[in-house]
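What follows is a short report on a single structure.
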Amino acid sequence: MNDVIDKMTGGCLCRAVRFVARNVPTTFGICHCESCRRWTGSALFEVSVKTDDLTWSGAEHIATRATSDWAERAWCKECGTNLYFRQTKEGEWFGGTDLPMGLFDDPDGFSLTHEIFVDHKPSGIPLQDCGQKRLTRDEVVALNPDVGTT
């Protein structure tokens, strides 16, 4: 499998917001933190793309909200589709935009590499261990102390 996909497209449910992503990693992660669970209704299955490698159309339909002192989330104002999570404060994960996998027109070709907040995962969500790195909340905070301020 290649490390990156040159170009992928995607967008919201009503198609008012579309994106072109370049240099898309072929890996994805899962976050089980309380914020992501509430935002998605289960867990965030995300592909992290460099913010500079994203081009949006329909940006006038994008609403954003700071969901902590260090990050924001965005959604489509027309249909409510969750569009991205982005760290806004310089730090470990700054410069990337986490896109929910379901936004991609073709979400195939990705491999799970990491799962975070595994100690916050509801017991009713069984996920197979396929060798992904699994981190608890404390381990995530050790890597990125801002996470502990949510």
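S42 passes every criterion in (1) surrounded by fewer than 17 Cβ atoms within 10 Å (Cβ to Cβ); (2) part of a strand (DSSP E or B) apart from (2). R15 passes every criterion in (1) closer than 27 Å to S123 by Cβ; (2) in a loop (DSSP other than H, G, I, E, B) apart from (1). For segment 2-18, check the following and say yes or no: at least one residue is open to solvent by 60 Å² or more (accessible area, probe 1.4 Å), modelled with pLDDT of 95 or more, at positive phi and not aromatic (F, W, Y). Looking for residues that are open to solvent by 60 Å² or more (accessible area, probe 1.4 Å), modelled with pLDDT of 95 or more, at positive phi and not aromatic (F, W, Y), one finds at least one in segment 2-18, hence yes.
Confirm whether T51 is surrounded by fewer than 14 Cβ atoms within 10 Å (Cβ to Cβ) and under 14 Å from G96 (Cβ atoms). Talk me through it step by step, then tell me what you get.
Working: surrounded by fewer than 14 Cβ atoms within 10 Å (Cβ to Cβ): yes; under 14 Å from G96 (Cβ atoms): yes.
So T51 passes the test.
For beta carbons closer than 9 Å, sequence separation of 6+ or different chains, a first residue in segment 13-31 that is of a type in the set (S, T, N, Q) and a second that is assigned to a loop (DSSP other than H, G, I, E, B), the qualifying pairs are T26/M1; T26/N2; T26/D3; T26/G109; T26/F110; T27/D3; T27/F110.
Answer with yes or no whether N23 is at negative phi, in contact with a strand residue (DSSP E or B) (Cβ under 7 Å, 6 or more places away or on another chain) and polar (S, T, N, Q). Criteria not met by N23.
Scan segment 60-80 for residues that are among the hydrophobic types (A, V, I, L, M, F, W, C) and either in contact with a His (Cβ under 8 Å, 6 or more places away or on another chain) or open to solvent by less than 60 Å² (accessible area, probe 1.4 Å) (or both) and jot them down. If you could, list the steps in order and put the result at the bottom.
Filtering segment 60-80 for residues among the hydrophobic types (A, V, I, L, M, F, W, C) gives 62-63, 66, 70-71, 74-76, 79.
Of everything in segment 60-80, those that are among the hydrophobic types (A, V, I, L, M, F, W, C) and either in contact with a His (Cβ under 8 Å, 6 or more places away or on another chain) or open to solvent by less than 60 Å² (accessible area, probe 1.4 Å) (or both) turn out to be I62, A63, W70, A71, A74, C76, C79.
The C-beta contact set for segment 103-129 (first residue over 21 Å from V141 (Cα atoms) and among the charged types (D, E, K, R), second residue open to solvent by less than 40 Å² (accessible area, probe 1.4 Å) and not in a loop (DSSP other than H, G, I, E, B), distance under 6 angstrom, 6+ apart or interchain) comprises D105/G10.
Yes/no matrix, rows are residues, columns are (1) of a type in the set (A, V, I, L, M); (2) out of contact with any helix residue (DSSP H, G or I) (no Cβ under 7 Å at 6 or more places or on another chain); (3) part of a strand (DSSP E or B):
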site	(1), (2), (3)
G10	no, no, yes
F19	no, yes, yes
I30	yes, yes, yes
V49	yes, yes, yes
W56	no, yes, yes
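When every residue of segment 100-113 is checked against the conditions, at least one turns out to be out of contact with any His (no Cβ under 9 Å at 6 or more places or on another chain), buried (at least 19 other Cβ atoms within 10 Å of the Cβ) and assigned to a helix (DSSP H, G or I). If the condition is being part of a loop (DSSP other than H, G, I, E, B), hydrophobic (A, V, I, L, M, F, W, C) and crowded, with 17+ Cβ neighbours inside 10 Å, then segment 114-146 contributes only F117.
The values are calculated or read from the model by the stated rules, or taken from the named source; none is laboratory data. Being a predicted model, the structure only gives us computed values, none of them experimental. Here the Cβ is made from the backbone with ideal geometry for all residues, glycine too, and neighbour counts use every protein chain on show. For accessibility, only protein heavy atoms count, side chains too; no ligands or nucleic acids. Shrake-Rupley method; radii C 1.70, N 1.55, O 1.52, S 1.80 Å.
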